[in-house]
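In what follows, a single structure is set out as structure tokens and then discussed.
None of the figures in this text is laboratory data; all of them are computed from the coordinates on show. Worth saying up front: this structure is predicted, and the values here are computed from it rather than measured. Don't worry about glycine lacking a Cβ; one is built from the backbone with ideal geometry, like all the others, and counts go over all protein chains shown.
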Amino acid sequence: MSVNKLGKFAVVGLSAAWLAGCSTTGANTDASTATTATNEGSATTEQAAPADTDKSATYGANQDNSVTSVVDNQQDKAKNSKAMLDGVPTVFYFDFDKSIVRPAAREALAKHAQYLIDNPNVHAVLEGNTDERGTREYNMALGERRAKAVARYLTIQGVPASQIETVSFGEEVPVAFGHDEKSWQLNRRVEIRYEK
Amino acid sequence: MMLRKWCLVLFTCLLFTSVARAQLVIEVTSGADKLLPIAVVPFGYNGTNPLPQDVAQIVQDDLVRSGLFKAIPRSSMLSQPSKLSDVYYRDWRLLKADYVLIGSIKKIKGDRYRVGFQLLNVLTQKPADDYTTIDVTKNHLRDAAHYISDAVFKKLTGIRGDFSTRILYVTEQHDRTHHPLYKLQVADADGHRPQVIVESNEPILSPAWSRNGRDIAYVMFKNMRPRIFIQELATGKRKQIMSFKGLNGSPAWSPDGKKLALVLSKDGNAEIYTLDLATQKLERMTNNYAIDTEPAWGPKGKTIYFTSDRGGNPQIYRLDIKTKKVERITFEGDSNYRARLTPDGRFLVCIEKLNGDYHIALQDLKTGRVKILTHTDLDESPTISPNGTMVMYATTEHGKEILAVVSVDGLVKYKVPSTDGDVREPAWSPYFN
């Protein structure tokens, strides 16, 4: 999957998520009953890999215009910059119980930093994740620390902190489901997601 | 005395019909060294319509699950008396029963039933306790059974039973073609009568009981951000109480019920705070660049135990709320996580990482001695029964997350696997009365 493609779908998915988020903010202070408390997760769509695949099937090539029309008047610049992110990884991996950005990630992160500097309207969400080992709330904190380590790297490169948000999913959103080092390594990660 | 481990893989209570939505099935895997033999005789019944519950069977299952009793099988009973005058003690002595529980159920009015029971001592050939009756509606026959189990358990062990308590837990159904579905559920302590409290496509974790058992708190993601909610169980009414930027996690009610300890990262990184529920005032408890999380109140409410990696590896620390002094508590294993205290404050239960595996560990806070209670891996989320004798926790078996129970003395073990997806994050209720 090319990063370019991923980026576009992320924009579509995230706009949808953002809209959904807006439309449900009222529900945050609700007193809804247990049985009505369903479908909390409109924003999960862009998380699950299969959902992304569904989306790419739905949004065919002819949908590209509608995608870019969401990306207001910065579109030309954004397009150029996005091409710059072609082939640049958006997932960065970590050692067990560590939150140190690996040297191998620096080059790619520098490109993300440049993209954010060139596109001040673009907002990056850094999602920190852990493997399943250890306890859930500790992993929530560890995931956050990883996301913050990446955020720090980006701000050192000159990205304004206001363009970056860090969130942690702890061990709750794995991408690999095995109970072995191979799966664990894939899950110990920070993903960069772009929002507009 | 010879140490004899006892294996009873058979206790699969598949008695309930498929209509009952029971999702958790108990399997007792090991019990205490010496089991007390008891005969729970099927209860007499004067009605014509069949009863929805076999009360005596539920009592027997409860007692066997405690790991302290051995049940005389119904098939070998020479007689099945339901009143004292019909009891021949000699029959029970032949079967080597130390105690016999008899009972009867009478329909009194509408759907109300009177359940009478009496515990008999075979050795003295006398009643061990008074004859007792309780009136319940048809839907509460299971509650009556747990009440009887509590009474028998208290009489014979001196310990208050926890058969009438409940558990909270989270299930995840992960169908690869759909979004995962998370459910926060509540069930009887034996896994029966599950009810869904909240359903979401986003993760739910850290359920916690209020001290009176009426309210619960939990963490649920909304738009992929963690939020803390408080919900009244009976009405389903809920409030989102914490939605700061970053972490909102690990809610834990103080022993007096007035405060909630929780974890926020609004001031930079994971720190422990207390929230006064009446005034909504937040007070910061920890201040360290390291991770501070998973608060658990000491039984008197003067201390908070928590997990911190301030020393390099995650370990359990204790904070004195008044002086804010922090003391390290765990030293064994590679690291330790998520403390829970027994109600008397004597023992600390936590997750210990040892040689790469994650086990349930018990630490005697008086002597400092540590005992590993489980030999499974990837154990997490320990929760202690209100009488302080049992620890329920989440573990992984054949790649599936299940709940399991181990007694604080390490002798009794049973599993509570789910028939329906992964089960995790158990929280044992307090007593309800």
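Of all lysines in the structure, those lying under 24 Å Cα to Cα from B:Lys155, and not within fewer than 8 positions of it along the same chain, are B:Lys34, B:Lys70, B:Lys83, B:Lys96, B:Lys126, B:Lys413. When only the Cβ of Lys, Arg, Asp and Glu is charged (+1, +1, -1, -1), the dipole of chain B relative to its Cα centre reaches about 1040 debye. For the listed peptides B:144-155, B:267-278, a ranking on the average number of other beta carbons within 10 Å per residue, highest first, reads B:144-155, B:267-278. Between B:His174, B:His140, B:His398, the Gaussian network model of chain B with springs among Cα atoms under 10 angstrom shows the greatest mean-square fluctuation at B:His398. Using C-alpha pairs below 8 Å separated by at least 6 residues, the relative contact order for the stretch B:33-157 is 27 percent.
Ordering B:Ser104, B:Ala394, B:Asn336 by the projection of their Cα atoms onto the charge dipole of chain B, which places +1 on the Cβ of Lys and Arg and -1 on the Cβ of Asp and Glu, puts B:Ser104 at the extreme positive end.
Sorted from greatest to least, the principal axis extents spanned by the alpha carbons of the stretch B:33-157 come out as 43, 29, 27 Å.
If you average 1/r over every pair of different alpha-carbon atoms in chain B and take one over that average, what Kirkwood value in Å do you get? Taking every pair of different Cα atoms in chain B, averaging 1/r and inverting gives 23.1 Å. Here the dipole of the stretch B:33-157 is about 200 debye; that uses its Cα centre as origin and unit charges on the Cβ of Lys and Arg (positive) and Asp and Glu (negative).
Each Lys and Arg adds +1 at its Cβ and each Asp and Glu adds -1 at its Cβ; summed about the Cα centre, the stretch A:72-196 shows a dipole of about 360 debye.
Computed from the C-alpha gyration tensor, the three semi-axes of the ellipsoid equivalent to the stretch B:125-204 are 38, 13, 8 Å, from longest to shortest. Short-range pairs are left out: with C-alpha atoms under 8 Å and at least six residues apart, the relative contact order of the stretch B:343-403 is 25 percent. Going 7 Å from the Cα of B:Arg114 along its beta-carbon direction, which residues of the stretch B:42-62 have the amide nitrogen within less than 16 Å of the resulting point? What the label zone holds, given the 16 Å backbone N cut-off, is B:44-47. The distance between label points at B:Lys106 and B:Asn288 comes to 6.3 nm (points 7 Å beyond Cα on the Cα→Cβ vector). Based on DSSP H segments of at least four residues, each scored -39500 (n - 2.57), chain B has a per-residue ellipticity at 222 nm of -2500 deg cm²/dmol.
Comparing A:Thr130, A:Ala149, A:Thr166 along the charge dipole axis of the stretch A:108-196, the residue lying farthest to the positive side is A:Ala149, per the Cβ-charge model.
Remark: mean inter-chain Cβ contacts per residue of A:165-171 equal 5, using a 10 Å Cβ-Cβ cutoff to other protein chain atoms. Summing Lys and Arg as +1 and Asp and Glu as -1 over all other residues whose Cβ lies under 15 Å from the Cβ of B:Arg369 gives a net charge of -1.
Cross-link pairs exceeding 18 Å in C-alpha to C-alpha distance, out of B:Lys302/B:Lys324; A:Lys98/B:Lys353; B:Lys266/B:Lys300; B:Lys266/B:Lys324; B:Lys258/B:Lys325, comprise B:Lys266/B:Lys300; B:Lys266/B:Lys324; B:Lys258/B:Lys325.
In this simple spin-label model, placing a label point 7 Å from the Cα along the Cα-to-Cβ direction at both A:Ala161 and A:His179 gives a separation of 4.2 nm.
Averaging the sequence gap over all C-alpha pairs within less than 8 Å and six or more residues apart, then dividing by the number of residues, gives chain B a relative contact order of 12 percent. With the simple model of a label 7 Å out from the Cα in the direction of the Cβ, B:Thr157 to B:Leu354 spans 2.4 nm. Can you give the net charge of the other residues whose Cβ lies under 11 Å from the Cβ of B:Ser308, counting K and R as +1 and D and E as -1? Cβ neighbours under 11 Å give a net charge of -1. Residues B:Lys109, B:Lys259, B:Lys96, arranged from fewest to most other Cβ atoms within 10 angstrom of their Cβ, appear as B:Lys109, B:Lys96, B:Lys259. Residues whose amide H comes within less than 5 Å of that of B:Asp129, counting only those at least five positions distant or on another chain, are B:Leu119 (H built at 1.01 Å from N in the peptide plane).
Strictly greater than 19 Å: what percent of every Cα pair in the stretch A:72-196 meets that? Beyond 19 Å sits 46 percent of the P(r) for the stretch A:72-196. Among the aspartates and glutamates, select those whose C-alpha is under 15 Å from the C-alpha of B:Lys222, and discard any that sit fewer than 8 residues away in the same chain. Within the straight-line limit of under 15 Å, B:Lys222 reaches these aspartates and glutamates: A:Asp30, A:Glu40, A:Glu46, A:Glu127, A:Glu172, B:Glu199, B:Glu202.
For the Cα atoms of chain B, what angle does the longest principal axis make with the long axis of helix B:141-157, in degrees from 0 to 90, nearest 10? The angle comes out near 90 degrees. Within the P(r) computed for the stretch B:191-344, what percentage of the Cα pairs occupies the region above 26 Å? Result: 26 percent of Cα pairs exceed 26 Å. Nearest 10 degrees, 0 to 90: what angle lies between the long axis of helix B:55-65 and the longest principal axis of chain B (Cα atoms)? Taking Cα atoms only, the helix is inclined about 50 degrees.
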